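Down below is the structure, laid out as structure tokens.
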Amino acid sequence: METIARPTTSSLDAFKGPQPWLAPSITENSKMFEAGMEKFATDFPGFAKWGWGPTVHAEKWNGRHAMFGWFFICCTAYFKGHGLIPDSTTMLTFKDWGTLALIAGGGTKEAVFIQQERAVILFANVHCFCVGLFATIAPLPWSDPLLLDPNQGAAYERAVNTKPYGMLPDCSFDKWGLTETAEIMNGRMAMFGLIMLLGASLVDDKNMLDVVNQW
């Protein structure tokens, strides 16, 4: 009968410890991010105290903006694809809108005017931007502010002391639902999705709304 060789203790020891050809573990990646956060806070304390830079608070808000951006892009693509924007191809006139109707070439025969469809989308984006700007300047007492305020007390301390979620957050069943872990993961997927949408738009040589309508 053929004897099967078993690995000895010395041969197993060769696989212990860090291996240069293996990717860093999730724990090591988390430590790397924490070290980056600490270095940024040391080098730029004026920005770090407001939650700017590589912080959990910044990641949370970037994810929120990405999720809202997806919602707005999908709504705009639906309205455009189903012809729900009235007179979408009509050009704005200089007489009614002044220089707001111009894209380029003002005062010349080659002047390019903006279409009504683009104007509707632009005004909607400006409105949403203003809402976010006002929420930053004068946040409501019950809302989560975009910029951290050191005078907020316990809420500020909780925000700045939140540990990074790591490359792959714990997505066990108790983290589902309306939790911060779920918000972080949804935000990350939304940000990654926007990058993929931009890439598809560049490869197909189509605007992003047409790409979404194809999906």
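The values are calculated or read from the model by the stated rules, or taken from the named source; none is laboratory data. Note that the structure is predicted; figures quoted are calculated from it, not measured. Cβ: placed from backbone, ideal geometry, glycine included. Neighbour counts: every protein chain shown. Side chains included, ligands, DNA and RNA excluded: accessible areas come from the protein's heavy atoms. Shrake-Rupley method; radii C 1.70, N 1.55, O 1.52, S 1.80 Å.
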- Query: Out of the stretch 187-211, which residues are farther than 23 Å from Met167 by Cβ, open to solvent by 60 Å² or more (accessible area, probe 1.4 Å) and either within 15 Å of the chain's Cα centre (by Cα) or hydrophobic (A, V, I, L, M, F, W, C) (or both)?
  - Reply: Leu202, Val203, Met208
- Message: Can you pull out every residue in the stretch 50-68 that is at pLDDT below 85 and of a type in the set (Gly, Ala, Ser)?
- Response: Gly51, Gly53, Ala58
- Message: I'd like the full set of residues that are outside any helix (DSSP H, G or I) and under 24 Å from Leu84 (Cβ atoms), limited to the stretch 195-215.
- Response: Lys206, Asn207, Trp215
- Return the only residue of Asp144, Asp210, Asp205 being at pLDDT below 75 and among the charged types (D, E, K, R). Asp144
- Looking only at the stretch 119-138, which residues are open to solvent by 60 Å² or more (accessible area, probe 1.4 Å) and under 21 Å from Gly51 (Cβ atoms)? Phe129, Val131, Leu133, Phe134, Ile137, Ala138
- Filter the stretch 195-215 down to residues that are farther than 17 Å from Phe79 by Cβ and either of a type in the set (D, E, K, R) or without any contact (Cβ under 8 Å) to a residue 60 or more places away in the chain (or both), then give me how many there are. 11
- Message: Looking only at the stretch 161-186, filter to residues that are aliphatic (A, V, I, L, M) and at pLDDT below 75; which one of those is surrounded by the fewest Cβ atoms within 10 Å (Cβ to Cβ)?
- Response: Leu168
